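The values are calculated or read from the model by the stated rules, or taken from the named source; none is laboratory data. Remember, predicted model here, so these are calculated numbers, not experimental data. Note that each Cβ is placed from the backbone with ideal geometry, even for glycine, and that neighbours are counted across all protein chains shown. Protein only, heavy atoms only, side chains kept; ligands, DNA and RNA dropped before computing areas. Shrake-Rupley method; radii C 1.70, N 1.55, O 1.52, S 1.80 Å.
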Amino acid sequence: SLQDQFDNLEKHTQWGIDVLEKYIKFVKERTEIELSYAKQLRNLSKKYQPKKNSKEEEEYRYTSTRAFLATLNEMNDYAGQHEVISENMTSLITGELTRYVQELKQERKSHFHDGRKAQQHIETCWKQLEASKRRFERDCKEADRAQQYFEKMDADINVTKADVEKARQQAQLRHQMAEDSKAEYSSTLQKFNSEQHEHYYTHIPNIFQKIQEMEERRIVRIGESMKTFAEVDRQVIPIIGKCLDEITKAAESVDHKNDSQMVIEAFKSGFEPPGDIDFEDFTQPMKRTVSESSLSNSRGDGKSEPKFGSKSKGKLWPFIKKNKLMSLLTSPHQPPPPPPASASPSAVPNGPQSPKQQKEPLSHRFNEFMTSKPKIHCFRSLKRGGAGPEDFSNLPPEQRRKKLQQKVDELNRDIQKEMDSRDALTKMKDVYVKNPQMGDAASVDHRLAELGQNIEKLRLEVQKFEGWLAEVEGRLPARPEQPRRQSGLYEAQNPSGVNSCAQDRESPDGSYTEEQSQETEMKVPATDFDDEFDDEEPLPTIGTCKALYTFEGQNEGTISVAEGEMLYVIEEDKGDGWTRIRRNEDEEGYVPTSYVEVYLDKNAK
């Protein structure tokens with residue numbers, strides 16, 4: 001029946017809407033997957049990015065690690081394309097289809113409402129026809145019975161004429177009513193037939209046609225959405241391909257030779273390899289001195305030292321500078337005493353003890369030096385330690401040259417910045433001079449003076465570091481370095497020290513310093529080594545100091561001072577609590593840093 005067809009169509013169209021909503025849900029979940037994937041890719045890329053101001057960042061100067069960094073950046077862009085997929089699918093498919101489903105539901109509801117209305121109308125017309133038909137049938141039967149009754153009354157001789165007339169009138173009335181019902185039934189039938197024809201040939205076909213068109217549009221729309229689903233993915237393929245091409249390009253840029261050369265440049269020390277060790281003939285009785293059996297003799301013959309402008313006879317200590325040896329001979333080996341104001345030695349940081357009051361015999365200290373185990377550490381351990389000296393003398397020659405060059409470049413950049421600031425202030429001052437209403441020209445004089453002082457200080461720093469750089473590069477003769485008081489000595493007679501850390505040896509140019517140690521000291525007769533230090537120049541003064549307390553200076557290497565006395569500072573405190581001072585050309589030594597008030601002046605000579 002028609003009602004069954006409407007039910008079937010209603011179920012089918014509802015199923016079509018369910019399919020559309022299912023597809024919308026599928027696309028929505030796909031967009032969520034794309035977003036999640038993009039987020040995970042970005043997090044992955046971020047996780048492996050080098051951290052700023054870290055050792056990791058330095059490693060990315062090699063071509064292989066730069067290629068990896070490029071891969072990480074491309075993966076970030078790759079993730080961005082998946083975000084584009086998600087955004088486009090959301091706007092072009094999910095959003096559009098969601099609105100379309102709402103419109104489709106409203107249209108479907110309207111069509112089926114019209115169908116139900118038409119069905120109800122035809123059913124009403126049918127009921128009216130049936131009622132008219134039953135009424136016509138009833139009136140006909142009543143008219144027939146009335147006619148039969150009249151005929152019976154008319155044939156009966158016993159019935160009065162009045163009764164017969166009454167029966168005749170009743171029969172005529174019933175007959176008229178039957179005729180009226182017939183006319184009404186005929187009219188209702190014609191009307192119903194017309195309505196039924198209109199219903200089955202016009203209204204219902206139109207409704208079915210609209211439902212069909214609605215369903216076809218739904219099918220076309222879901223097909224277009226599937227096509228858009230593929231196109232959205234296809235649109236980002238060229239960009240994803242470019243990302244992959246860039247990764248391939250970065251991989252092809254990896255240069256193993258270049259990376260190897262960078263490693264060589266980074267860790268090149270500039271040390272000369274040791275020379276051959278002399279053959280020691282034990283068949284003949286002979287007195288073998290330390291210098292003949294040590295590594296220093298071969299190093300002295302290697303002629304690596306004259307390249308740095310220093311004089312060495314390669315006798316006893318192949319890796320110790322003259323200044324360092326003099327420091328060992330003259331500097332105190334005990335922590336400085338606390339100032340008189342301190343309640344006890346424990347009140348001073350690190351708990352310094354007073355120097356020994358008795359001097360040890362020179363021969364005893366010399367033997368102590370010759371037999372003590374050197375405290376030498378690998379360069380890696382030195383690198384992990386605290387800040388090195390200002391001239392980077394704790395580094396090998398090549399590394400020191402690079403550090404000094406970097407420092408010079410950095411200072412030059414600072415000078416340029418200060419000069420730019422000074423030029424800007426000068427222009428501002430000129431504007432103020434020409435237009436006093438804009439500002440006071442005298443207000444910038446103080447800042448200009450400060451900038452001038454800063455520039456002068458930076459230039460002096462540049463000259464200092466350029467001098468050290470010239471030393472390393474061999475353009476100038478090596479300058480005598482300030483002695484380091486607590487440097488550990490390398491003992492040539494200890495082969496275990498050579499095997500454990502040969503790279504800790506100090507080069508002939510004095511550009512490498514071992515870890516500080518207070519354990520190894522040495523006293524030797526000055527006459528044995530006078531020729532080693534004939535060319536030693538006096539250290540320049542770097543400032544002045546005022547004695548806060550009286551210091552007796554009984555320990556070797558120290559100097560006595562009186563309270564209130566003014567002296568020259570020639571070496572700052574290196575962290576051991578001692579400051580090296582000079583009274584005149586012949587009197588210099590160490591005093592506890594806490595006993596003096598130091599006034600440094602880098603411009604003093």
Largest-first ordering by accessible area, 1.4 Å probe, given options Thr13, Thr71, Thr283: Thr283, Thr71, Thr13
FRET efficiency, Ala131 to Ile157 (Cβ-Cβ, R0 45 Å, nearest 0.05): 0.55
Packing-based order for 426-436, 577-587, using average beta carbon neighbours within 10 Å, highest first: 577-587, 426-436
P(r) weight above 13 Å for segment 543-600, C-alpha pairs, percent: 52
Area accessible to solvent at Val596, 1.4 Å probe radius, in Å²: 10
For Phe192, solvent-accessible area (1.4 Å; no DNA, RNA or ligand), Å²: 10
Computed Rg/Rh of segment 73-226, alpha carbon atoms with Kirkwood Rh: 1.57
Tyr149 - accessible surface, heavy atoms, 1.4 Å probe, Å² rounded to 10: 120
Over 32 Å between alpha carbons, listed pairs Lys25/Lys210; Lys464/Lys546; Lys242/Lys402; Lys403/Lys427; Lys28/Lys210: Lys242/Lys402; Lys403/Lys427
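If packing is taken as the average count of other Cβ atoms within 10 Å, what order do 26-37, 230-241, 85-96, 394-405 fall into, highest mean first? Write out the running numbers ahead of the final one.
Working: 26-37: 16.0, 230-241: 13.4, 85-96: 18.1, 394-405: 21.0.
Highest to lowest by the protection proxy: 394-405, 85-96, 26-37, 230-241.
Counting only other residues whose beta carbon sits under 12 Å from that of Asp409, what net charge do I get with K and R as +1, D and E as -1?
Working: positive: Lys402, Lys403, Lys407, Arg413; negative: Glu410, Asp414, Glu466.
Cβ neighbours under 12 Å give a net charge of +1.
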Under the Debye formula (equal points on every Cα, no solvent term), log10 I(q)/I(0) of segment 5-263 at q = 0.09, 0.12 Å⁻¹: -0.72, -0.90
